[in-house]
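The values are calculated or read from the model by the stated rules, or taken from the named source; none is laboratory data. Because the structure is predicted, anything quoted here is derived from the model rather than measured. With ligands, DNA and RNA removed, areas are computed over all heavy atoms of the protein, side chains included. Shrake-Rupley method; radii C 1.70, N 1.55, O 1.52, S 1.80 Å.
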Amino acid sequence: MNPTKKVLSNSVDAEVNQKRSLEKTSTEKSTLGHRLADSMAAEVGSWRFIISQSAVLAGWVGLNMMPGVPHWDQSPFMMLNLVFSFASAYTAPIVLMSQNRQSDIDRKNDKLDHQVNLRAGQNIELLHEKLDNLHSQQLKELTQIVKQQQQIINELKVTLVSKSDDTKEVKMNVVPGLNVQINGKFSKENSSNKPFTLEQAIGDNAKVVEKLTHR
């Protein structure tokens, strides 16, 4: 492993761990206002709040328009508009507060994801480097094995050729014009000579000539 890449990977791991610790610390240090803003934002952005608000609005308008019932907010419902104005004046900043806090958390998470992706990319690069080194090592070993096998084949070829040459160089030099056959018969061209069987290996030419002459 490259020392530079190893140091870089360790630094990335340290930074990622630091980011996680910071995120955990920020989550643990959330104040009461942050938790209240998150709860209110979650409540306002739900169907339960919309249904409840619609029921209150319908009851407010119905009771103020029903005959025989004391009307505390007659049409055009000025008090209702005032209530909704106050509710909107406080709800909007609280929701924005929660959204800003969530944006900060998302930004920190994005940085953390970026660091994690960077570390994963470096680990993949190191893995590719290891695979390339292993592939080159295996290629060298296979090349060496092929060379050894080729050398063995060449040695076998040389041995077989030398044995073949030794077999071809076996000659029987007896007398010029004299045919000798191992099976005990001469060719038809030299029918005047007597057939004989060569029982022993031919040694000296003079002895062979003497032996043929005595016959």
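What to note about this one:
- S75, S54, S30, reordered so the largest accessible area comes first (probe 1.4 Å): S75, S54, S30
- Heavy-atom accessible area ranking, 1.4 Å probe, most first, across E155, E129: E155, E129
- For the stretch 43-129, the alpha carbon convex hull comes to 99 Å³ per residue, rounded to a whole number.
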